[in-house]
Amino acid sequence: MIEDAGYGIATAKVELPITGMTCANCAMNIERTLNKKVPGVVQASVNFASERASVEYLPTLTDVDAIIAAIQKAGFDAIPPDETSEAEDVEQRARSAEIADQARKFAAGLLFTVPLFLWSMGRDFGVLGAWSHALWVNWVFWILATPVQFYTGWDYYTGGWKSLRNRSANMDVLVAMGSSVAYFYSVGVVLSPSLGSHVYFETSAVIITLIKLGKLLEARAKGRTGNAIRKLMGLRPNTATIQRDGKEVEVPLSQVQVGDVVIVRPGEKIPVDGVVLEGQSAVDESMLTGEPIPVDKSPGDAVVGATINSEGRLKFRTTKVGRDTALAQIIRLVQEAQGSKAPIQALADRVAAVFVPAVIGIAFFTFILWWSLGGEFVPAMIRLVAVLIIACPCALGLATPTAIMAGTGKGAEKGILFKDSEALEKATKLQTIVLDKTGTLTLGKPIVADVISFNEGASVLNERELLSIAASVERGSEHPVGRAIVKEAERKDLELFEPEDFKASGGLGVQAKIDGKLVYVGKPDWFLQMGIDIAGGNKFLEDLQNQGKTLMAVVVERQLGGLISVADSLKPESADAVAELHRQGLKVVMLTGDNIQTARSIADQVHVDDIVAEVRPEEKSMKVKELQGRGHMVGMVGDGINDAPALAQADVGIAIGTGTDVAIETADVILASGNLLGISRSIELSRATMRTVKQNLFWAFIYNIILIPVAAGLLYPLDFLPAFLRQLHPILAALAMAVSSITVVSNSLRLYRAEIK
């Protein structure tokens with residue numbers, strides 16, 4: 001309500017690795033606990049596939065300790081955040097310990113289950129002789145099955161109890177119920193032979209062992225979906241060589257501070273972010289940008305931690321360390337994207353919320369139906385167990401998040417960073433791409449092309465003096481054109497004056513007093529609005545604008561002094577990038593503050609579909625809104641501060657990673673390399689990811705829709721079908737359940753092999 005009223009709220013956000021989850025219902029249970037039972041939690045999202053909780057909270061009402069305590073009370077555990085670089089190691093150790101524990105339990109289960117299964121099957125098929133039907137054999141089966149039931153399978157009892165205690169039901173409830181029915185019925189037979197002679201200890205043992213195997217394989221497969229994060233983390237060197245008291249000293253990375261002077265030799269990794277002081281080299285930045293060509297570095301250039309110094313020796317001053325480095329921010333972005341929930345996942349969550357209770361109801365209905373129809377307890381019990389075991393919500397819970405993890409991980413490898421999974425999903429629906437011109441289609445480094453003075457014979461304003469006073473006014477401007485004029489004056493060693501009473505007029509021009517005279521530098525249209533006559537320059541305007549140059553008029557005391565033209569070269573890949581967007585069926589619009597002639601010159605070279613020219617910075621978001629008003633799903637691509645409102649307004653904002661921090665902070669997708677081909681790559685990747693999500697959801701749904709009725713005995717009347725389909729054994733149900741989850745995760749992993757052009 002406060003935000004709806006137009007005010008902001010000071011919130012904090014924490015990412016917590018979670019242990020102890022076994023299915024999607026566990027994640028939903030933690031979400032409910034945090035959202036409803038912890039005062040001060042604004043929003044909590046728990047991702048079963050990545051096993052992380054993303055919690056936004058009010059620091060004045062709660063803290064991380066209270067959040068972790070609530071998770072523990074719900075029956076799970078959370079790994080506290082650590083500000084040091086070893087936080088990921090702590091999480092990895094916890095994950096490894098958890099998997100090792102599961103592996104030990106599986107090994108124990110296998111040790112007892114294999115002889116139990118072989119002995120039991122040998123007796124059932126009459127291979128072992130009459131002795132195997134003696135009563136003492138059932139006691140041996142009981143002894144073999146008990147460690148499997150209560151050691152290997154103990155997690156299902158504890159997990160099921162925690163779930164029921166929190167008024168929900170998860171996969172553990174189904175497994176515990178299904179295996180317990182077979183186990184305790186068999187115990188009853190052993191203790192009271194009047195109940196029958198056949199025991200099902202091997203059924204309960206094989207169910208638990210198979211499901212434990214499936215969870216182990218699933219955990220390892222899920223681990224591979226997080227490979228991108230681990231690769232990024234592994235890029236950081238452990239030490240750095242810094243200069244202290246005139247000596248080179250090797251120190252742990254955690255001891256490097258902002259302002260330290262760092263030495264990097266050829267072949268070494270650059271440890272932290274900084275600015276080059278001495279030396280020249282080529283640096284491999286492919287880990288950041290996805291581009292294989294090394295980037296030349298010289299004094300004044302920025303370097304990024306974890307990139308590789310290929311050639312010369314570099315000395316640089318540290319500007320960012322620890323969590324502030326570019327690599328740390330990329331890791332954080334990828335983790336947040338992988339932990340977020342795509343809108344398409346809402347359907348699976350709604351189904352999973354009611355799925356387990358519904359399955360329990362179906363199982364008991366199946367039991368009562370077959371017992372009443374056939375009058376036999378055992379066949380009805382077998383079907384009850386089969387329904388409970390085969391209906392696992394794991395595949396449903398894994399369908400979306402594993403694909404999102406793989407897709408965002410693949411994007412990170414290509415220098416494409418999605419801030420959340422909603423942006424990934426929305427990118428598939430885009431119809432129109434709006435491209436800012438300066439710094440996006442062009443290099444964003446305009447240079448002065450022409451200086452034309454109209455008063456050389458009549459006054460003191462020759463071309464050098466014209467450029468000097470124009471640059472003096474532009475010293476107060478941050479516009480790329482203004483900076484180009486200043487840079488050209490500095491290159492020519494011209495004298496620059498300190499501007500007085502500087503004013504900027506919203507992208508149209510600037511004015512200031514130079515040596516007591518009021519000087520204006522701006523677009524020709526600006527002067528027409530002010531009633532200043534610049535008709536003397538008309539004969540040059542059209543010709544220069546048709547060449548794609550931006551024209552700035554220089555007016556001194558309301559008299560035209562001359563014209564300065566500025567040219568900005570197209571990026572080499574601009575035309576190819578627009579062609580790729582057209583191939584994907586997208587409409588491409590160019591947005592620029594330049595006049596229509598200059599804009600058309602650029603547009604003709606890249607073949608955009610539409611041009612919106614002479615747009616002031618504050619009007620860019622309005623133009624995006626106009627396109628949305630026509631029913632278009634709009635993606636906005638920009639790099640500058642003045643692009644931020646338009647990036648925020650667009651359905652998907654795409655920031656050029658070489659641009660400003662404001663633009664990057666506002667956007668939904670970041671192209672780390674600045675290469676425009678990343679736009680089509682990000683859309684292609686999002687489409688491939690959402691195709692995988694839909695495939696996963698299809699298989700997860702169809703698996704349950706088909707196999708639950710089969711387990712319930714729907715095919716029993718069809719005599720021509722194989723016996724294993726007419727009477728689906730719980731062991732086959734357990735195998736099918738494990739295979740379903742592994743299939744979904746494996747399908748998601750295919751994204752890593754996808755060819756993204």
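Which ranges mark the helices (runs of 4 or more DSSP H) fully within segment 414-513 that have 1 or more residues being acidic (D, E), open to solvent by 10 Å² or more (accessible area, probe 1.4 Å) and closer than 30 Å to L586 by Cα?
421-427
Just checking, does segment 402-412 include any residue being at pLDDT 85 or above, in a loop (DSSP other than H, G, I, E, B) and touching a helix residue (DSSP H, G or I) at 6+ places or on another chain (Cβ under 7 Å)?
Within segment 402-412, none of the residues are at pLDDT 85 or above, in a loop (DSSP other than H, G, I, E, B) and touching a helix residue (DSSP H, G or I) at 6+ places or on another chain (Cβ under 7 Å).
Within segment 593-611, can you find the residues that are acidic (D, E), in contact (Cβ under 8 Å) with a residue 12 or more places away in the chain and either in a helix (DSSP H, G or I) or surrounded by 23 or more Cβ atoms within 10 Å (Cβ to Cβ) (or both)?
First, the residues of segment 593-611 that are acidic (D, E): 594, 604, 609-610.
Keeping just the survivors that are in contact (Cβ under 8 Å) with a residue 12 or more places away in the chain gives 594, 609-610.
Hit for segment 593-611 is D594, nothing else.
Do any residues in segment 677-694 that are under 10 Å from E425 (Cα atoms) and modelled with pLDDT under 95 have Cβ atoms under 7 Å from those of residues that are part of a helix (DSSP H, G or I) and acidic (D, E), where the two are at least six apart or on different chains, and which pairs are they?
Going by the 7 Å Cβ cut-off, the qualifying pairs are M690/E425.
Out of (1) open to solvent by 50 Å² or more (accessible area, probe 1.4 Å); (2) touching an Asp or Glu at 6+ places or on another chain (Cβ under 9 Å), the odd one out for I756 is which?
(1)
For segment 396-411, which positions are of a type in the set (A, V, I, L, M, F, W, C) and either within 16 Å of A358 (Cβ to Cβ) or surrounded by fewer than 24 Cβ atoms within 10 Å (Cβ to Cβ) (or both)?
Our first condition is that a residue be of a type in the set (A, V, I, L, M, F, W, C); within segment 396-411, this holds for 396, 398-399, 403-406.
The answer is L396, and nothing else.
So Q329 passes all but one of these: (1) free of Cβ contacts under 8 Å to residues at least 12 places away in the same chain; (2) assigned to a loop (DSSP other than H, G, I, E, B). Which condition number does it fail?
That leaves (2) as the condition not met.
Here's a check for you: in segment 177-198, which residue that is outside any helix (DSSP H, G or I) and either farther than 17 Å from A386 by Cβ or of a type in the set (D, E) (or both) is most open to solvent (accessible area, probe 1.4 Å)?
Of the residues in segment 177-198, the ones outside any helix (DSSP H, G or I) are 192, 196-198.
Next, only the ones that are either farther than 17 Å from A386 by Cβ or of a type in the set (D, E) (or both) stay: 192, 196-197.
Details: S192: 43, G196: 27, S197: 97 Å².
The residue in question is S197.
Any residue in segment 345-355 that is open to solvent by less than 40 Å² (accessible area, probe 1.4 Å), assigned to a strand (DSSP E or B) and not hydrophobic (A, V, I, L, M, F, W, C)?
no
Criterion first (open to solvent by 30 Å² or more (accessible area, probe 1.4 Å), touching a Leu at 6+ places or on another chain (Cβ under 9 Å) and either at pLDDT 85 or above or outside any loop (DSSP other than H, G, I, E, B) (or both)) does P717 satisfy it?
Criteria not met by P717.
If you check V693 against the conditions, is it out of contact with any Lys or Arg (no Cβ under 9 Å at 6 or more places or on another chain) and of a type outside the set (S, T, N, Q)?
Yes, satisfied.
In segment 253-266, which residue that is open to solvent by 60 Å² or more (accessible area, probe 1.4 Å) and out of contact with any Lys or Arg (no Cβ under 9 Å at 6 or more places or on another chain) is nearest to G322 (Cα to Cα)?
Per the stated criteria, the residue is S254.
Need pairs with beta-carbon distance below 9 Å; first residue modelled with pLDDT of 80 or more and within segment 235-246, second small (G, A, S) and open to solvent by less than 70 Å² (accessible area, probe 1.4 Å); sequence gap 6+ or separate chains.
Every condition considered, the pairs that remain are P237/G305; P237/A306.
Of the conditions (1) open to solvent by 10 Å² or more (accessible area, probe 1.4 Å); (2) part of a loop (DSSP other than H, G, I, E, B), D525 fails just one. Which one is it?
(2)
In segment 534-572, which residues are open to solvent by 50 Å² or more (accessible area, probe 1.4 Å), modelled with pLDDT under 85 and assigned to a loop (DSSP other than H, G, I, E, B)?
Q547, S569
Do we find that A734 is under 30 Å from G585 (Cα atoms) and open to solvent by less than 40 Å² (accessible area, probe 1.4 Å) in this structure?
no
What number of residues within segment 145-169 satisfy the criterion of being more than 42 Å from the chain's Cα centre (by Cα) and crowded, with 21+ Cβ neighbours inside 10 Å?
Residues flagged as more than 42 Å from the chain's Cα centre (by Cα) and crowded, with 21+ Cβ neighbours inside 10 Å within segment 145-169 amount to 1.
Looking at T666 and the list (1) open to solvent by 10 Å² or more (accessible area, probe 1.4 Å); (2) modelled with pLDDT of 90 or more, which single condition is not satisfied?
Here T666 clears every test but (2).
Yes/no matrix, rows are residues, columns are (1) touching a Gly at 6+ places or on another chain (Cβ under 9 Å); (2) open to solvent by less than 30 Å² (accessible area, probe 1.4 Å); (3) within 23 Å of A219 (Cβ to Cβ); (4) at pLDDT 85 or above:
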| residue | (1), (2), (3), (4) |
| --- | --- |
| Y7 | no, no, no, no |
| P17 | no, yes, yes, yes |
| V42 | no, no, no, yes |
| N47 | yes, yes, yes, no |
| P59 | yes, no, no, yes |
| A74 | no, yes, yes, yes |
| I79 | no, yes, yes, no |
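Residues are listed down the side, and each one gets a yes or a no for (1) basic (K, R); (2) closer than 18 Å to V448 by Cα; (3) within 51 Å of the chain's Cα centre (by Cα):
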residue: E488; (1), (2), (3): no, yes, yes
residue: L494; (1), (2), (3): no, yes, yes
residue: A504; (1), (2), (3): no, no, yes
residue: D533; (1), (2), (3): no, no, no
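Check off (1) within 29 Å of C26 (Cβ to Cβ); (2) open to solvent by 40 Å² or more (accessible area, probe 1.4 Å); (3) modelled with pLDDT of 85 or more for L373 and give me the number that stays unchecked.
The single condition L373 does not satisfy is (1).
Picking from A352, A380, which residue would you name as being in contact with a Gly (Cβ under 8 Å, 6 or more places away or on another chain) and modelled with pLDDT of 85 or more?
Values: A352 fails: modelled with pLDDT of 85 or more.
Result of the check over A352, A380: A380.
Is there a residue being surrounded by fewer than 23 Cβ atoms within 10 Å (Cβ to Cβ), more than 29 Å from K426 (Cβ to Cβ) and of a type outside the set (V, I, T) anywhere in segment 583-592?
No, segment 583-592 contains no residue that is surrounded by fewer than 23 Cβ atoms within 10 Å (Cβ to Cβ), more than 29 Å from K426 (Cβ to Cβ) and of a type outside the set (V, I, T).
Has segment 616-632 got at least one residue that is within 19 Å of K429 (Cβ to Cβ), in contact with a Lys or Arg (Cβ under 8 Å, 6 or more places away or on another chain) and not aromatic (F, W, Y)?
yes
The values are calculated or read from the model by the stated rules, or taken from the named source; none is laboratory data. Small disclaimer: the values here were computed from a predicted structure and weren't measured. We place every Cβ from the backbone using ideal geometry, glycine too, and count neighbours over all the protein chains shown. Remember, those area values only see protein heavy atoms, side chains included, never the ligands or the DNA or RNA. Shrake-Rupley method; radii C 1.70, N 1.55, O 1.52, S 1.80 Å.
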